[in-house]
Amino acid sequence: MPQQNSLPQGVNKIRIITSVLKTALKLWLRAQVSQVSQLEVDLKASDRQLLSGCVPWVAIFADHAVYQGLHITQIKLAAENIQINIGQVLKGQPLQLLHIVPVVGDLTIEEEQLNASLSSELLTAALSDLLVKLLPEYCPKSKPVIWQKISLDNQLIKLNAIVASTGEQIPLEINFSLKLLSGQELQLSQIKVTENAIAILESSDSYNFHLGSDVDLQELTVIPNKLVCRGRVNVNP
């Protein structure tokens, strides 16, 4: 009789371990965002695969999530062949990725959420880099800029800011057209910059921005009140 019961007990033990691993993975995903109104995680992995530290496929859906201060209206992601530190997780340590994970997905950010992200270092750093490329004299150290508003139209973006210079607050407005040139490169054109309602830059030239080898975008669409992005990004351990 004891021999007959040993198999079910062993199976139950494995089930408990795999349940713990699935919970740990979901908690790790939840910890990547500071706020989320809805988070759904779908895993496809056998008990044996999980116990070896391999997750063959995972899909994530999040609604109104905040990642490093960036407010995201909706995001859908999928990844394959994820390797995790299974030994450490079973000892109660935090889950970690062991290798780079290519993640494909769709991301939507509405204008309201984009403006709520203006306090994010990720977004303000990108906007400051853009401004310095257009106007090198607008270095953040010499001319601090406070970003106030982002407006979206059909492939057109308008940025409003305040330049804090010698005790004055000078309004700054940047208008440009945005186009996805390749999977790793964005192109800005039809650029017009006004300071205190006076045009200081109006250029028909194009400016290209490289996104890095970890990114491969298939779509970047700007429509009234919404930005839609689709592609792949490598998540590093």
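Annotations
- Whole-number D in µm²/s for the stretch 114-235 (Stokes-Einstein; Kirkwood sum over Cα pairs; 37 °C, 0.692 mPa s): 216 µm²/s
- Those GluC sites (Glu not before Pro) in the stretch 106-146 that DSSP places in a loop and that have at most 10 other beta carbons within 10 Å: Glu137
- Gain on full extension, evaluated as 0.36 nm per residue between Gln83 and His99 minus their Cα-Cα distance, stands at 5.1 nm.
- Summary of the geometry: the stretch 29-97 and the stretch 156-220, compared by the centres of their Cα atoms, lie 34 Å apart.
- Over all pairs of different C-alpha atoms in the chain, the reciprocal of the mean inverse distance, the Kirkwood hydrodynamic radius, equals 20.7 Å.
- Loop-resident trypsin sites (Lys or Arg not before Pro) (DSSP state other than H, G, I, E or B) in the stretch 36-108 with no more than 16 further Cβ atoms inside 10 Å of their Cβ: Lys91.
- With the cut-off at under 15 Å, measuring from each backbone N in the stretch 60-96 to a point 7 Å along the Cα-to-Cβ line of Ser37 picks out 62-67, 71-75.
- Normalising the average separation of contacting C-alpha pairs (under 8 angstrom, six or more residues apart) by the number of residues puts the relative contact order of the stretch 2-99 at 24 percent.
- Counting Lys and Arg as +1 and Asp and Glu as -1 over every other residue whose Cβ lies under 12 Å from the Cβ of His210, the net charge comes to -2.
- Unsatisfied cross-links (Cα-Cα over 26 Å) in the set Lys76/Lys133; Lys179/Lys226; Lys76/Lys179; Lys44/Lys179: Lys76/Lys133; Lys44/Lys179
No lab work stands behind these numbers, since they all come straight from the coordinates. Treat the numbers as computed from the prediction; the structure is a model and nothing was measured. So basically every Cβ, Gly included, is an ideal-geometry build from the backbone, and we count neighbours across all protein chains shown.
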